[in-house]
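Every read-out reported here was derived from the displayed coordinates using simple, explicitly stated rules and does not represent laboratory data. Remember, it's a predicted structure, so these values are computed and weren't measured experimentally. Every residue, glycine as well, gets a Cβ built from its backbone with ideal geometry; the counts of neighbours run over all protein chains shown.
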Amino acid sequence: MAQLDGDQRAAYVQGMFDRIAQRYDLINRIISGGQDLRWRRLVVERAALPPQGSLLDIAAGTGDIAFEALKTAPAASVVGADFALGMMQVGKRRRPYGQQVTWAGADAMRLPFAEACFDAVVSGYLMRNVVDISQALAEQWRVLKPRGRIVILDTSPPPDNLLKPLITLHLKYGIPLVGRLVGGKAAGDAYRYLPESTQAFKTPAELARLVKAAGFADVDYKTLMFGAMAVHWGVKPR
């Protein structure tokens, strides 16, 4: 599944997230031990959104990052965009922020927004699923204002350390098992794909180089969960 390319990969990912939309948040809480909430807070912190600024959460899913942004900046304009419409339908019904987010169907490769219209563009678990990372970064660059910030939360291949065997076991067996137990067969299948895509993804250093190559300055990252997760950030120069 993780070896799919191009349109086949995009179609698979879109359908997968729509199938697991109803249980997505619960499964994430369980497999991360609730740490995913802390990671999303870090994303919003790094976005440094002005009180009345504008933020795009691309691959918004059910809205966790978008909602966290509204907690921090209640007067901000927050757009949640995704091509998995079923995920956004779940998010729109969530209280108290579901109706405050502007939801938009969008492809990360061709964002339907004007140039330089957001103070921050954030994403959670987008980059390992896109068919062209450089193109996705170019689109985020395009819609950011000068001095706007990009923040990326995504998984990373387990680093070579003493915990790598345990992390690999968790990815290969633990996550799919939780997915199947909580969400049924469809979620079990989806949560087999997610560990596969993690192990095939860029290392944090490799992704940082791609962010720099896209033109962003002050690029840095922080690894989490013993190196199996990372938050990257950068600034669009004037």
### Message
Can you return the aspartates and glutamates within cross-link range of Lys212? Criterion is Cα-Cα under 13 Å, with same-chain partners fewer than 8 residues away left out.
### Response
Asp220
### Message
Just to confirm the number: angle between the C-alpha axis of helix 6-19 and the first principal axis of the chain, 0 to 90 degrees, nearest 10?
### Response
80
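Compute the FRET efficiency between Leu181 and Ser32 as 1/(1 + (r/R0)^6), taking r as their Cβ-Cβ distance and R0 = 22 Å, and round to the nearest 0.05. Let's see the in-between values first.
On the way: r = 16 Å, r/R0 = 0.71.
Between Leu181 and Ser32 the formula returns 0.90.
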#### Entry: Degrees separating the helix 175-199 axis from the principal Cα axis of the chain, which is the longest one
70
### Message
With the crude spin-label approximation of a point 7 Å out along Cα→Cβ, what separation in nm comes out for Leu42 versus Thr223?
### Response
1.2
### Query
Counting Lys and Arg as +1 and Asp and Glu as -1, each charge on the Cβ, what is the dipole of the chain about the Cα centre in debye, to the nearest 20?
480
#### Entry: Mean Cβ count within 10 Å, highest first, over the residues of peptides 35-45, 155-165
35-45, 155-165
### Query
So which aspartates and glutamates can Lys185 reach, going by Cα to Cα under 20 Å and dropping same-chain residues fewer than 8 places off?
Asp18, Asp25, Glu196
### Query
What is the gain in length, in nm to one decimal, between Ala213 and Arg238 on full extension, counting 0.36 nm per residue of separation less the C-alpha to C-alpha distance?
7.4 nm
### Summary
One would report the antiparallel percent of DSSP beta bridges in the chain, rounded to the nearest 5, as 40
### Query
Taking Cα centroids, how far is segment 29-53 from segment 118-194 in Å?
14
### Task
Name the lysines eligible as straight-distance cross-link partners of Lys71: C-alpha to C-alpha under 25 Å, and not fewer than 8 places from it in the same chain.
Lys92, Lys145, Lys222, Lys236
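If Lys and Arg each add +1 and Asp and Glu each add -1, what is the summed charge of the other residues whose beta carbon sits under 13 Å from the beta carbon of Val219? Working shown, then result.
Details: positive: Arg46, Arg149, Arg209, Lys212, Lys222, Lys236; negative: Glu206, Asp218, Asp220.
Here the count lands on +3.
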#### Entry: Ellipticity estimate at 222 nm from DSSP helix runs (n ≥ 4, -39,500 (n - 2.57)) divided over the chain, nearest 500
-14000 deg cm²/dmol
